[in-house]
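Visitor: For reference, the structure I am asking about is given below.
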Amino acid sequence: MWLEIVALLLTAIVLWDYLSTRRQKKMIDAAGIKGPIELPLLGNAPVLMMGESAKTMLSLVSRIIAKHGKNIKLTMLHEYGFITADVRMIEAILSSQQTIKKNSLYNLLQYWLGNGLLLSTGKKWFRRRKIITPTFHFKILEEFVEVFDQQSAVMVEKLYDRADGKTVINMFPVACLAALDIIAETSMGVKINAQNEPNFPYVQAVKTVSNLMAERFMSPLQRYDQTMRIFFPRLFRKLNQNIKVMHDFTDKVIAERRDTLEKAMKESTQNTASADDNDVGCKRRMALLDVLLQSTVDGQPLSNQDIREEVDTFMFEGHDTTTSAISYTLYLLARHPEVQARAFQEAVDVFGADKAKPSTMRDLGELKYLECVIKEALRLFPPVPIIGRHLTEDVTLNGKNFAAGTNIILLIYNAQRDPDFFPEPEKFDPDRFSPENNSKIDVFAYAPFSAGPRNCIGQKFAMLEMKSTISKMLRHFEILPLGEPVQPIMNLILRSTTGINIGLKPRIY
């Protein structure tokens, strides 16, 4: 009896899955997109993943592209769609206003980030983007450069203890603490001193949640809250406890900042103080939080929850991505001494022999070759190696028709290594981005900051932060090729299973 009931239920589920996805399947087939054999309900992902691991994921993607082409059908547990490394298909998706909704992979971040700029869509996304854009005005970025310089100076000072030319240093956790200090001060206007106090609860919570999210991304049983509760209850509790620590901290900062702003505005009307002064009489920098506190939608101020969504989004997007980029750039400089020598000489030409001289916006603008180095590092190791989209309506992309409900994964990592667009794609060659060559690069073949209407709003901020931090490292240290080679891992953020390792030796000049 029970076997018959189970068989009936399974048949019903398989039938439901077939009927509810057949339109997506039919249109994907008509578009000529092929893939590995599919199993009922399970799809073809289990077939692809058999015998694979996180370490082999990038290799697997390259193999299936070689076998099935740049557009590959991918199905799993009622999710029907395709993955693409086709630059023209990527262009069609990223440039369309109809394809701005993120796919279900991003649901992992929902409880932490809410519906902030990364995850929101439609009218809410458009309004938030409009509100936040002024945060990256030239004048505000100029003030942020001072924060970049101060925090990268702290990072360098703390590295001298290990700069003996022999010690292997995994730069990811080091750069992560510096990036956390930078993004906290620029987004919330507070110093969390992550580099000097790495055990501060908020800092620990961000690191813990980031690492757990990375694990969830790679584990099908952790992908959904329901299955994670059942199979990984302790990890699920740990995740939620640490997210609460972050939310409580952010809520406290927002409440205090709002209260301070309101008091300052009242006092300023009485000519006793300025809203631009802090409690020690110094001019206060504008932070993202200040912009949000002073913004309105339809005449109404944003709620504390609205503001927390955006602040948390910036804390997530603004530390892990730059951590990955800075670490991989230093790794490549260590293993290409001729490139490092050229970048170091440029830094000396700009800053002189005074290692302690602070960098300014103008100085960073003159680091033309270092910018080429960073761009080439971002090509080989994009911090966001994949981008997900979910179609909410039928659309035509690159001459092919796709149904609403289709999930798409854009393989940025693979597209940026396409030999049709980048000759000798595995070669580290910063001159690809020299002034004479830069104009030849296809904007959708090279999209480390995404492209189109949902491109990264903070890309100028990120580039200035990277130039400040990496130039500071070059001025203080010779960067050496020590430790294991990187083993990049396909994740929400590009990491390495072996660490991102270098050695350091103090420069004498």
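Values in this text are rule-based calculations from the coordinates and carry no lab data. All values derive from a computational prediction rather than experimental measurement. Reconstructed Cβ throughout: ideal geometry from the backbone, glycine too, with neighbour counts over all protein chains shown.
Visitor: Say the dipole of the chain comes from +1 at the beta carbon of Lys and Arg and -1 at that of Asp and Glu; which of Val443, Thr75, Met466 then lies farthest toward its positive end?
Guide: Comparing the listed Cα positions along the dipole, Thr75 ranks first.
Visitor: Taking a threshold of 20 Å on the Cα-Cα distance, which of the pairs Lys139/Lys460; Lys101/Lys139; Lys207/Lys357; Lys375/Lys427; Lys357/Lys467 fall above it?
Guide: Lys101/Lys139; Lys207/Lys357
Visitor: Now for a different question. Using +1 at the Cβ of each Lys and Arg and -1 at the Cβ of each Asp and Glu in region 305-429, identify which of Phe422, Val395, Ile412 lies farthest towards the dipole's positive end.
Guide: Phe422
Visitor: Working from the pairwise distances between different alpha carbons, so that the mean of 1/r is found and then inverted, what is the chain's Kirkwood radius in Å?
Guide: 24.5
Visitor: With each run of n ≥ 4 DSSP H residues scored as -39500 (n - 2.57), what mean residue ellipticity at 222 nm is computed for the chain after dividing by its residue count and rounding to the nearest 500 deg cm²/dmol?
Guide: -16500 deg cm²/dmol
Visitor: Would you mind ranking Phe381, Phe351 so that the residue whose beta carbon has the fewest other beta carbons within 10 Å leads the list?
Guide: With the fewest neighbours first, Phe381, Phe351 line up as Phe351, Phe381.
Visitor: May I pose another question? Provide the descending list of Cα extents for region 357-425 along its principal axes, expressed in whole angstroms.
Guide: On the principal axes, region 357-425 reaches 56, 29, 18 Å in Cα extent.
Visitor: Right, another one. Based on the Cα coordinates of region 29-180, what is the per residue volume of their convex hull in Å³?
Guide: Convex hull of Cα atoms, per residue: 209 Å³.
Visitor: To continue, here is another question. Give the lysines reachable from Lys34 as a straight Cα distance under 20 Å; neighbours fewer than 8 places away on the same chain don't count.
Guide: By straight Cα distance, Lys34 reaches Lys25, Lys26, Lys67, Lys70, Lys73, Lys400.
Visitor: Related question: What do you get for Rg/Rh over region 469-509 if you use C-alpha atoms and the Kirkwood form of Rh?
Guide: Rg/Rh for region 469-509 comes to 1.10.
Visitor: Give the cross-link partners of Lys102 among the lysines, using a straight C-alpha distance below 17 Å as the criterion and excluding same-chain residues fewer than 8 apart.
Guide: Counting by Cα, and skipping residues close in sequence, Lys102 has these lysines nearby: Lys123, Lys124.
Visitor: Take each of the peptides 186-199, 77-90, average the number of other beta-carbon atoms within 10 Å over its residues, and list them starting from the highest.
Guide: 77-90, 186-199
Visitor: Taking +1 at the Cβ of each Lys and Arg and -1 at the Cβ of each Asp and Glu, which of Gln340, Gln487, Leu330 sits farthest along the dipole of the chain towards its positive end, judged by Cα position relative to the Cα centre?
Guide: About the Cα centre, the residue reaching furthest to the positive side is Gln487.
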